[in-house]
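So the structure is just underneath, and the comments pick up after that.
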Amino acid sequence: MSPTTILERICGLFASDTNEHLHSISDALLKGTLQEPAHPMSDQELARAIREFRSVPVSDRTIARLSQRPLEASRRDV
């Protein structure tokens, strides 16, 4: 699966405010200004990265933004 296809699938999982960022990554991959890593992460490296990511405390700003998403979704459904 190409990196662009993966990014398109990821775009569908997030709110529209992140799509611009993901599209810029996709465009960079297509233009060749962003390259795939020469060696993919090993399972150990991925596990370490996930542990590091999860160990960082969640900011108040992030919690506030995430708490707004259900409200925004319910407004769109009406």
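Points to keep in mind about this one:
- Test for Leu22: is it in contact with a Phe, Trp or Tyr (Cβ under 9 Å, 6 or more places away or on another chain) and either modelled with pLDDT of 80 or more or surrounded by 13 or more Cβ atoms within 10 Å (Cβ to Cβ) (or both): yes
- Contact map, region 11-35: residues that are under 21 Å from Leu66 (Cα atoms) and aliphatic (A, V, I, L, M) paired with residues that are part of a helix (DSSP H, G or I) and at pLDDT below 80, Cβ distance under 7 Å, separation 6+ or inter-chain. Pairs shown: Ala15/Arg69; Leu22/Leu7; Leu22/Ile10; Leu22/Cys11.
- Flag if Arg61 is part of a helix (DSSP H, G or I), modelled with pLDDT of 85 or more and not hydroxyl-bearing (Ser, Thr, Tyr): yes
The values are calculated or read from the model by the stated rules, or taken from the named source; none is laboratory data. All values reported here derive from a predicted model rather than from experimental measurement. Virtual Cβ from ideal backbone geometry, glycine too; neighbours counted across all protein chains shown.
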